[in-house]
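The values are calculated or read from the model by the stated rules, or taken from the named source; none is laboratory data. Small disclaimer: the values here were computed from a predicted structure and weren't measured. Cβ atoms come from the backbone with ideal geometry, glycine included; neighbour counts cover every protein chain shown.
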Amino acid sequence: MIRRTAAGAAVLAIAAAALLTACGPSGSGAAPAKPDDAQVQQMQQAVDGAESAAAQADDDATKDN
């Protein structure tokens, strides 16, 4: 149960970091630009990796019980 909670917290932390990075200030004072395809792909890979890690942790926790 603790591992599942930790995995969920890790997923939320990674997703929040990805969102904050994408929505951060541009430095020029201009309105944020539309993210390019490479940035969107990077963020999606980070979320996919976090989901995969959470699923693996959940599977491991299930096997331990």
Checklist outcome for this item: Result of the Cβ filter at 9 Å on segment 38-65, keeping first residues that are touching a residue at least 40 places away in the same chain (Cβ under 8 Å) and hydrophobic (A, V, I, L, M, F, W, C) and partners that are exposed (fewer than 14 other Cβ atoms within 10 Å of the Cβ) and not in a helix (DSSP H, G or I), at least 6 apart or interchain, is A61/M1
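Looking at A55, is it within 18 Å of the chain's Cα centre (by Cα) and either on the phi > 0 side of the Ramachandran plot or at pLDDT below 70 (or both)?
Working: within 18 Å of the chain's Cα centre (by Cα): yes; either on the phi > 0 side of the Ramachandran plot or at pLDDT below 70 (or both): no.
Taking the combined requirement at face value, the residue does not satisfy it.
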